[in-house]
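Report on one structure; see the data block that follows.
Any read-out appearing in this document is the output of simple, stated calculations on the displayed coordinates, not a laboratory observation. The structure displayed is predicted, hence computed values, not measured ones. With ideal geometry, Cβ positions are generated from the backbone for all residues, glycine too; neighbour counts draw on all protein chains shown.
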Amino acid sequence: MGIRFDSVTVAYDGNVVLDSLDLTVAPGEVMALLGPSGSGKTTALRAVAGFVRPVAGRVFLGDRDVTDLPPHRRGIGMVVQQYALFPHMRVEDNVAFGLRARKVARSEIRERVAEALEMTGMAAYARRHPRELSGGQQQRVAIARALAIRPDVLLLDEPLSALDAQLRSGMLAELARLHRELPHVSILYVTHDQVEALTLADRIAVMDKARLQSCGTPRELYRAPANEFTASFVGNANLLPVTVGSDGVAFGGTKLKVATSTAATGTRATLCIRPHLIALGEEGPNRLTGKVEEIQWRGATHRLLVDVEGHRVLADLRELRDPPALGDAVTLHFAPEDAVLLTAGVSGDD
């Protein structure tokens, strides 16, 4: 069962917080809603869950219009940021809660609870209370509770935000494993963390200012972003203002080659170059000369911040044996095929 937003708009006291969202999540697909705070991503998820009602548009689960249905009649599993476990209940009772509310037979409840706890690696903790568990274990219980009702749609609202980095990495692997075991379940995953989105999602819907900015596979959005916002939010990006010429682009007084361009000569645009695709040296047609402003050693890499014609250019380089010093003049280069020309949503255009 998939999810479909049909021109869904949500507003509070006349303030639009989700604006005409059209988006389809295919059956069995993991769709990440990625964006900053206030972008509308959590509102979209809450519209699917039934916690907010659109002022316009419809929400569908499969072919069923659920816009007017209360949450308990939608058959959705949901996991929120703070787990929302009942502190006075043991783990097994927390997991059984949704099944009891649906008046599932007692024998089946035992079977489903055991199955969900086994799937999330929490079978050994069934008799414990939430206070006796770590944050990561509590999150697993919350996921087990959502899976116990055997939903066709699973909603995850910033489920890892309260965990430390190491736990978050482990839980990402667990969520990926769970989805492999439950390939029929459609997952809508809300996050502001690009690593989570790139790691888990089949496709990513990038949100900003209540609107959908772009949607595509992680590879598509990273390698060929549709606009500046997507380029900067999905991975690090150098965004250089350029003017399109007949045989490339001009960045200030520097001529640069791009792989392809359909933009008219004289058009203002933005050149997007990922930091890891920039190298030191004077190879090829695309060279940028500037002064080193900052050097960050990151173990396997050096990150250089270079001032080029008043713009800060970021280069992530494999660890250098003899890195330049602050204030040194350096030349950076990149291949024409590694630069993406963005002509939509350029700052300053109306």
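Values for this structure:
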| quantity | calculated |
| --- | --- |
| Net charge, GLY290 excluded, C-beta distance under 14 Å - Lys, Arg +1, Asp, Glu -1 | -3 |
| Antiparallel DSSP beta bridges within the stretch 3-228, as percent of all bridges there, nearest 5 | 50 percent |
| Charge dipole (debye, nearest 20) of the stretch 4-100; +1 at Cβ of Lys and Arg, -1 at Cβ of Asp and Glu | 240 debye |
| Net +/- balance of residues flanking SER169 in space, Cβ distance below 12 Å, scoring K and R +1, D and E -1 | -3 |
| Assigned charges on the beta-carbon of Lys, Arg, Asp, Glu; the stretch 213-291 dipole about Cα centre (debye) | 80 debye |
| Cα centroid separation - the stretch 1-79 against the stretch 124-184, whole Å | 22 Å |
| Rough spin-label spacing in nm, given labels placed 7 Å along Cα→Cβ, for ARG131 and GLU115 | 3.3 nm |
| ³J(HN,Hα), Karplus 6.51/-1.76/1.60, whole Hz, each residue of the stretch 117-125, x for Gly, Pro | 5, 5, 5, 9, x, 10, 4, 6, 10 |
| Highest-MSF residue in the chain out of GLY170, GLY121, GLY98 [GNM, Cα springs under 10 Å] | GLY170 |
| Sorted by Cβ neighbour density within 10 Å, fewest at the top, the residues ARG168, ARG150 | ARG150, ARG168 |
| In nm, spacing of pseudo-spin labels at ALA325 and ALA84 (7 Å Cα→C-beta vector) | 5.9 nm |
| Relative packing of 205-211, 327-333, which averages over residues the other C-beta atoms within 10 Å, highest first | 205-211, 327-333 |
| By average C-beta atoms within 10 angstrom, highest first, the peptides 102-113, 34-45, 278-289 | 34-45, 278-289, 102-113 |
| Residue among VAL244, GLY121, CYS272 farthest towards the positive dipole end of the chain, charges placed on Cβ | GLY121 |
| Inter-probe distance in nm under a simple model that places probes 7 Å from Cα toward Cβ, at SER161 and LEU182 | 2.1 nm |
| Centroid-to-centroid separation of the stretch 289-332 and the stretch 226-273 [C-alpha atoms, Å] | 21 Å |
| Distant-in-sequence amide H partners of GLY50 (H built 1.01 Å from N, under 5 Å) | none |
| Using a Förster distance of 35 Å, the FRET efficiency for THR254-SER169 (Cβ separation, nearest 0.05) | 0.30 |
